[in-house]
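Following: one structure in structure tokens, then a few remarks.
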Amino acid sequence: MNLEAPITPDIIRDHGLSAEEYQRLCESLGRTPNIVELGIVSVMWSEHCSYKSSRIHLRELPTSGPRVLQGPGENAGVVDIGDGLAVCFKMESHNHPSFIEPYQGAATGVGGILRDIFTMGARPFACLNSLRFGNPQHPKTKHLVRGVVAGIGGYGNPMGIPTVGGEVAFDDCYNGNILVNAFTIGLLRADRIFRGAAAGKGNPVIYIGSKTGRDGIHGATMASDAFDATIEERRPTVQVGDPFTEKKLLEACLELMAGDCLVGIQDMGAAGLTCSSFEMADRAGMGMVLDLDRVPRREEGMTPYDVMLSESQERMLLVVQSGREAEVRTICDKWDIDMAVVGYVTDDGRVRVLDKGETVVDMPVAPIAGDAPLYNRPASPSPELTQLHQFDPQALPLPRDLNDVLMKLMSSPNLACKSWVWEQYDHMVMTNTVVRPGADAAILRVKGTKKGIALTSDCNSRFCFLDPYLGAMLAVAEAARNISACGGEPLAVTDCLNFGNPERPEVMWQFQQAVAGMAEACRQFHTPIVSGNVSFYNETDGVGIYPTPTIAMVGLVPDLDRIATPWWKDAGDVILLLGRNELELGGSEYLKQIHGQVKGTLPHLNMERELAVQRACRIGITRGVVKSAHDCSEGGLAVTLAECSLMRRQGLLGATVELSDDLRPDALFFGEAASRIVLSVAPASVDLMVTIAKEEGAPVAVIGKVGGRSLVMNNGIQVDLADLHDAWTTALPKLFS
Amino acid sequence: MKFGIVVFPGSNCDADCHHVVTHVLGCEAVALWHKETSLQGCDCVILPGGYSHADYLRCGAMAAFSPIMTAVKGHAAAGGLVFGICNGFQILTEAGLLPGVLMRNTSIRHICRDVTLRVNSNQTRFTRLFRAGEVLTMPIAHNEGNYFVERRQLVKLEEQGQILLRYCAPDGELTEDANPNGSLVAIAGIVNEQGNVCGMMPHPERCSEAIFGNRDGKKMFESML
């Protein structure tokens, strides 16, 4: 490889750098870069790695709190759960690669987020996935759904980490850009957190894991670009996953961490050896020398450019106390993984890379890693929004047969039962899954304690399209409601912010608004955002996705004997509604599925009421009053009640409900007013539950009774549960099997 | 009673089995690394679920040649208990300790869910606490659980009461819908001729505690004590 070759404007453009960015690079080097250095900077300053368009806004997010042990900036966030224990979690996107190659894209997305968690010293104990696909009728959708779901299972299952929940939704806006957001949570001792800092001059830098190949070169740059007709040519930028090596790497790392020789550790994810070396040196304010001749390689003839930019999976970079290399060697030998001392820590604040004795990279760390360009891009709302908000629900024709509407909604891909998806994931391995996928939140036990961890992910992107600020607030509120509905205390949040091209002002405006909405809601719920990820350029041929700020929330269940699940328990139990029904149809699933419209203003969010409803629900559960609790969201009250009847594993159990609200029946049954939870309690507990709700200031009403084989609502709905169950459970297999 | 739980690279249910043996049964358990050659005096060897050696070639094919398997075979020949769950069952067939083979599920998808099982024979060390014909609920989680064995061998299995568990409907009926993976005559678990080596696809360790609302698995472990 010719390091003397001049860097032409074409080469600079191919590396995704603007003229200003190139100028900035030359200034910080005091000379022009060679091709390897340019390659390094192109990934370090890519949107994916540098957050150059988002950083300025992310500063608004609340990131600290009494339980936060590690906020954003490390591989993942860490939150104290008491008993000397902590949980470590993060969510990350793998959207672009999953669209190009669904199985490997999704699989390596899972692999990457798992490494982020065990890098911190935590043993991963659960995964979630938030997936968005295009219209099920679109020619690519079936292939993408099958590939992504198989890929998630194909990596998570062999790892032995249960995938316990998440979301799957479909919309035309994702036809050209699917979303694959992977979340992992791990458990660790609160006083044993490992971080990615290359401290201690002279300490060896050690490479462990898979060999380096030519796969995934410029993956991070690919993920920072929009798609067009040449997308198939990008397949080689997608990495290939090997869960078997990752499983061995996980066990080897945790064994290593049980000792005391490790100084710092970071996974080689996006931008591989480049990102890990620069970031580790930057965090410690140190430098590093790397000798590429020592890097284990999969093939001959790799150039320094290839080695530095490879995104081969299942690799870790460690800094170990000098003289203790043998301890690392012993453990790696046991697990049959490669180990090589590839360099050492320096105190000159520079990364120097040697190849066959020649210096091929000599760059200052801080300007490349810490002071990447920062943009405050122009933002303004799309003018079409005002028009979309013009909507009068009273002018909407009322469907003649509301039973038919309910059947249609329950069998629509967004509301249909997702068991076809989660049955392909091992969701029980590790024997902690107390509440399985399909409920409002999954609940995992923490062995050796009475505690549980509740997990959910939420985002209604149609809401966020119509109003990104309120849409993001509603996503946080729904996530918290899901946690509360199972008896958990909302603890903290990680996010995955999926947007279009930030260079377009209307996208930047969506981003800014969504971040502001999330920040406000998270402050109100006292749920700091401890980690997260931004994915821009989810756009094909100039058409972007709906803004999709996925919220993954972690809750703490103080006592696993006091939890609630959504399904009815016994005939004769009384059904209560916490919260209030409203005339709110804007942005609803009903409006989209039945009337084919995406418009209106969103359900309003009265924070005081929201908090009161959640508090009342949690108190009802901890006092043992509540027998079932289910959040009311997409599809409205009718869909919520139907789910309570259909989710039971012990057979179907119906309900008869009489609502006295003075609302049009479609708004009453299918409207998506926020801050509502449906409860069932034993007849003798009704008064106590009503008292609890009143004490907490939550609106409450007795609305019906559990029992029978059908769902009956006022004189508008009467459907047989067996028919409903069939429609609900067969919809996805019919589409995708 | 002392249990040994073999850990192959890629095993992922070893810790779950260890938890049940020690915390639920109150017995002693040791982890046996696949490169070891001694069973450390264990009375019962568990081959746990997982993806040993990444299921390379065929599920269980590599693990069957791990150094520890020589000791496991010796233990089985001497009448000691060997219990293979999921990947452990696949390893036992590859090692020749149990007849038959586990092929890809007919749906060609991974399946993780509760299934109902009928106790076909309760005259074994692994099922003696159940009633014959009793219907159990246990989770499965596998890609390759589709059991097959050639005709003559099947007749032998049936005649000698070696079929322990069969997939069934909740009422105990053997229906096509109740067979999740296409197994021959809905076989979910078998024992060897001597009755001391058992392999099964369902996961008893995942339903051994009250917190999961199902302790059918615990009874299976207790049968061995």
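The values are calculated or read from the model by the stated rules, or taken from the named source; none is laboratory data. Note that the structure is predicted; figures quoted are calculated from it, not measured. Using ideal geometry, Cβ is built from the backbone for each residue, glycine included, and neighbour counts are taken over all protein chains shown.
One line per residue, one yes/no per condition, for (1) surrounded by 21 or more Cβ atoms within 10 Å (Cβ to Cβ); (2) in contact with a helix residue (DSSP H, G or I) (Cβ under 9 Å, 6 or more places away or on another chain); (3) under 25 Å from A:ARG59 (Cβ atoms):
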{"site": "A:VAL530", "(1), (2), (3)": "yes, no, yes"}
{"site": "A:GLY544", "(1), (2), (3)": "yes, yes, yes"}
{"site": "A:VAL554", "(1), (2), (3)": "yes, yes, yes"}
{"site": "A:SER588", "(1), (2), (3)": "yes, yes, no"}
Candidate set: the range A:257-278, residues that are assigned to a helix (DSSP H, G or I) and surrounded by fewer than 24 Cβ atoms within 10 Å (Cβ to Cβ); chosen: the one nearest to the chain's Cα centre (by Cα): A:MET257
Index of the failed condition, B:ALA169 passing every other in (1) aliphatic (A, V, I, L, M); (2) within 14 Å of chain A (Cβ to nearest Cβ); (3) within 17 Å of B:GLY88 (Cα to Cα): (3)
Options A:ASN95, A:ASN34, A:ASN75: the member that is over 23 Å from A:ASP267 (Cα atoms) and crowded, with 20+ Cβ neighbours inside 10 Å: A:ASN34
Of the criteria (1) surrounded by fewer than 23 Cβ atoms within 10 Å (Cβ to Cβ); (2) at pLDDT 90 or above; (3) of a type outside the set (A, V, I, L, M, F, W, C), which one A:ARG234 fails: (2)
Failed criterion for A:PHE391 (all others in (1) in contact (Cβ under 8 Å) with a residue 12 or more places away in the chain; (2) touching a helix residue (DSSP H, G or I) at 6+ places or on another chain (Cβ under 7 Å) hold): (2)
Selection from the range A:587-606 of residues that are in a loop (DSSP other than H, G, I, E, B) and either within 22 Å of A:VAL678 (Cβ to Cβ) or of a type in the set (Asp, Glu) (or both): A:GLY587, A:SER588, A:LEU602, A:PRO603, A:HIS604, A:LEU605, A:ASN606
Number of the exception - A:ILE185 against (1) within 14 Å of another protein chain (Cβ to nearest Cβ); (2) surrounded by 24 or more Cβ atoms within 10 Å (Cβ to Cβ); (3) closer than 20 Å to A:GLY77 by Cα: (1)
Which listed residue is surrounded by fewer than 24 Cβ atoms within 10 Å (Cβ to Cβ) and either more than 14 Å from chain B (Cβ to nearest Cβ) or within 22 Å of A:GLY587 (Cβ to Cβ) (or both), from A:VAL405, A:VAL434, A:VAL446, A:VAL421: A:VAL405
Selection count where residues are at pLDDT below 95 and over 14 Å from A:THR245 (Cβ atoms), scope the range A:202-224: 10
The range A:514-561, residues that are away from every other protein chain (no Cβ under 14 Å) and either without any contact (Cβ under 8 Å) to a residue 40 or more places away in the chain or in contact with a Lys or Arg (Cβ under 6 Å, 6 or more places away or on another chain) (or both): A:SER531
Residue ID - farthest from the other protein chains (Cβ to nearest Cβ), chosen from residues in the range B:119-151 that are touching a Cys at 6+ places or on another chain (Cβ under 9 Å) and among the charged types (D, E, K, R): B:ARG125
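Per-residue answers, yes or no, for (1) touching a Pro at 6+ places or on another chain (Cβ under 7 Å); (2) buried (at least 24 other Cβ atoms within 10 Å of the Cβ):
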residue	(1), (2)
A:ALA638	no, yes
A:LEU653	no, no
A:VAL657	no, no
A:PRO665	no, no
A:PHE669	no, yes
A:GLU672	yes, yes
Contacts under 6 angstrom Cβ, first residue in the range A:332-343 being closer than 14 Å to A:LEU273 by Cα and hydrophobic (A, V, I, L, M, F, W, C), partner at pLDDT 95 or above and assigned to a helix (DSSP H, G or I), 6 or more apart: A:ALA340/A:ARG294; A:VAL341/A:GLU325; A:VAL342/A:ARG294
Members of the range A:357-400 that are surrounded by 11 or more Cβ atoms within 10 Å (Cβ to Cβ) and of a type in the set (Asp, Glu): A:ASP362, A:ASP371
Subset of the range A:136-163 [within 11 Å of chain B (Cβ to nearest Cβ), hydrophobic (A, V, I, L, M, F, W, C) and not in a loop (DSSP other than H, G, I, E, B)]: A:VAL149, A:ALA150, A:ILE152, A:MET159
Residue satisfying condition, being surrounded by fewer than 16 Cβ atoms within 10 Å (Cβ to Cβ) and under 20 Å from A:ALA270 (Cβ atoms), within set A:ARG298, A:ARG329: A:ARG298
Any hit, the range A:55-69, residues being more than 26 Å from A:ALA472 (Cα to Cα) and among the small types (Gly, Ala, Ser): no
Residue, surrounded by the fewest Cβ atoms within 10 Å (Cβ to Cβ), within the range A:135-172, restricted to residues that are out of contact with any Phe, Trp or Tyr (no Cβ under 6 Å at 6 or more places or on another chain) and polar (S, T, N, Q): A:GLN137
Among (1) in contact with a Ser or Thr (Cβ under 8 Å, 6 or more places away or on another chain); (2) more than 12 Å from chain A (Cβ to nearest Cβ); (3) of a type in the set (S, T, N, Q) - the single one B:THR116 does not satisfy: (2)
Selection from the range B:5-22 of residues that are within 9 Å of chain A (Cβ to nearest Cβ) and in a loop (DSSP other than H, G, I, E, B): B:PRO9, B:GLY10, B:ASN12, B:CYS13
Segments classed as helices (runs of 4 or more DSSP H), wholly inside the range A:613-720, with at least 3 members that are aliphatic (A, V, I, L, M) and within 26 Å of A:PRO397 (Cα to Cα): A:636-646
Qualifying residue in the range A:697-713 (condition: within 32 Å of the chain's Cα centre (by Cα) and surrounded by 23 or more Cβ atoms within 10 Å (Cβ to Cβ)): yes
Meets criteria (at pLDDT 95 or above, aromatic (Phe, Trp, Tyr) and in contact with a Cys (Cβ under 9 Å, 6 or more places away or on another chain)) for B:PHE3: yes
Residue within the range A:56-66 that is among the acidic types (Asp, Glu) and either more than 26 Å from A:ALA514 (Cα to Cα) or within 17 Å of the chain's Cα centre (by Cα) (or both) present: no
Residues (in a loop (DSSP other than H, G, I, E, B) and either crowded, with 21+ Cβ neighbours inside 10 Å or touching a Phe, Trp or Tyr at 6+ places or on another chain (Cβ under 6 Å) (or both)) located in the range B:157-172: B:GLN162
Residue list for the range B:200-217, filter: more than 25 Å from B:PHE148 (Cβ to Cβ) and assigned to a loop (DSSP other than H, G, I, E, B): B:CYS207, B:SER208, B:GLY213, B:ARG215
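Per-residue answers, yes or no, for (1) modelled with pLDDT of 95 or more; (2) away from every other protein chain (no Cβ under 14 Å):
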{"site": "B:LEU57", "(1), (2)": "no, no"}
{"site": "B:ALA63", "(1), (2)": "yes, no"}
{"site": "B:ALA77", "(1), (2)": "yes, yes"}
{"site": "B:LEU102", "(1), (2)": "yes, yes"}
